[in-house]
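For reference, the structure discussed in these notes is given below.
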Amino acid sequence: MKKVYLDNASTTAIRAEVIQEITKVMAEDYGNPSSTHSFGRNAKSILELSRKSIAKQLNTSAQEIIFSSCGTEANNWILRSAVKDLKVQRIITSKIEHHAVLYTVLALQKEYGIQVDFVAIRPNGEIDITNLSELLSQEKKTLVSLMHVNNEIGTLLDLDRIGLICKQYNALFHSDTVQSIGKTTIDLQTVPVDFIVASAHKFHAPKGVGFAFVRKNSGLQPLFYGGEQEKGLRAGTEAVHQIAGMAKALELCYTNLETERNHISDLKSYLIERLEIEFPGFSINGNPNGFYNILNVLLPFSDDKTAMILFHLDMKGIAVSRGSACQSGSIKASHVLAEMLSDEDLKKPSLRISFSHYNTKEDIDLLIDGLKSIK
Ligand code: PLP
């Protein structure tokens, strides 16, 4: 049975070149980058070359890249330190953020009594920018935290526009860019954002590694204490092999961006065409012109088919997701879809299909065949 992986917003396959790079570093470059002997210096050199390479892809300076264990850690660090050390008194965010942001903000509200405001979401899943400006006009030290690409519905935030509004009101701007890094160009010389985060496993590198971009002189303090790694901002021996793999993967993503984006966009259009023919009552959750690698659709299936849909597809070797990955095993409705669908529509099956350059038209045909056999 051919297996079909269409859950790339959840995690991605590691590129062969990345595995090769990681294996080489694990086998040959095992020194501790904090050691001063030649083994350590060699590991340190790999670490710093990786940092430089990542910084170059995002057009920023290497000193503004801080390695972390994942996107969740980087989000937690930035938000917590903004409140604790930068004395942010209010966070403006949205109810459709990933839980790595949403739950952190709610925990900070509880612990520090900060004000939390949720910006209104338009029916197509985009941020209501007028509402954001209204909220920002209250005077209070504020951080705005809004994700770049939504991991469930693929809606895209205009980082330039939001960054300028934040600047105008003197607010800090943090964006969870976990779904967009490596999939679209981000020029940090021009985008007015203070903090962004990345997670390697979303762009064809291994799990357990990520990074934060923290603009110079931000004043952030560490989340936990120990060694002097990462300029004292993130204690703990760096996972040199993971970091080298992440840098390699990001470089490959940007080298192949145009070709891979075109390929994936074509696949998405093809899937929409086939859905229109086979399931005329279907609709797209979020903006139909959302980010090119994510499509969230509501299918016109009866209630009794809804519960088993993922199971049936899985039996056929097809992996897609219902809502976000952490919820796909449970029957809890997606907190993102809950913000935009009626109670009636929430009971119907919504599927998130997310692509990578490894997917083919045949994968789409197999998904459609799988869905037709359930209908
Ligand atoms: N933010 C977004 C938008 C995500 O999609 C994810 C992963 O699902 C995360 C944060 C968490 O990243 P990580 O798995 O590296 O902790």
Boolean, residue 149 is within 16 Å of the ligand (Cβ to nearest atom) and within 14 Å of residue 173 (Cα to Cα): no
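Restricting attention to the range 187-237, report how many residues are of a type in the set (D, E, K, R), under 22 Å from the mean Cα position of the chain (by Cα) and buried (at least 17 other Cβ atoms within 10 Å of the Cβ). Full working, then the answer.
First pass over the range 187-237, keeping only residues of a type in the set (D, E, K, R): 187, 194, 202, 207, 215-216, 228, 230-231, 234.
With the extra rule that they be under 22 Å from the mean Cα position of the chain (by Cα), the set shrinks to 187, 194, 202, 207, 215, 234.
Next cut, buried (at least 17 other Cβ atoms within 10 Å of the Cβ) only: 194, 202, 215, 234.
Counting residues in the range 187-237 that are of a type in the set (D, E, K, R), under 22 Å from the mean Cα position of the chain (by Cα) and buried (at least 17 other Cβ atoms within 10 Å of the Cβ) gives 4.
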Residue match in the range 344-364 (condition: farther than 26 Å from residue 253 by Cα, assigned to a helix (DSSP H, G or I) and either modelled with pLDDT of 95 or more or open to solvent by less than 30 Å² (accessible area, probe 1.4 Å) (or both)): no
Restricting the range 72-107 to residues that are more than 16 Å from the ligand (Cβ to nearest atom) and assigned to a helix (DSSP H, G or I), the residue that is most open to solvent (accessible area, probe 1.4 Å): 84
Any helices (runs of 4 or more DSSP H) falling wholly within the range 205-320 and containing at least 2 residues that are among the acidic types (Asp, Glu): 257-278, 303-306
Flag if residue 22 is of a type in the set (A, V, I, L, M, F, W, C) and within 14 Å of the ligand (Cβ to nearest atom): no
Test result for residue 152, touching a helix residue (DSSP H, G or I) at 6+ places or on another chain (Cβ under 9 Å), in a loop (DSSP other than H, G, I, E, B) and acidic (Asp, Glu): yes
Cross-chain or 6+ apart pairs with Cβ under 9 Å, the range 137-150 first and assigned by TED's automatic domain parsing to the domain that holds residue 170 and open to solvent by 10 Å² or more (accessible area, probe 1.4 Å), then assigned to a strand (DSSP E or B) and more than 16 Å from the ligand (Cβ to nearest atom): 138/90; 138/115; 138/117; 140/90; 140/115; 141/90; 141/172
Condition met for residue 231 (within 24 Å of residue 147 (Cβ to Cβ) and charged (D, E, K, R)): no
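The values are calculated or read from the model by the stated rules, or taken from the named source; none is laboratory data. Treat the numbers as computed from the prediction; the structure is a model and nothing was measured. Every residue, glycine as well, gets a Cβ built from its backbone with ideal geometry; the counts of neighbours run over all protein chains shown. Side chains are part of the model used for accessible areas, which takes the heavy atoms of the whole protein and leaves out ligands, DNA and RNA. Shrake-Rupley method; radii C 1.70, N 1.55, O 1.52, S 1.80 Å.
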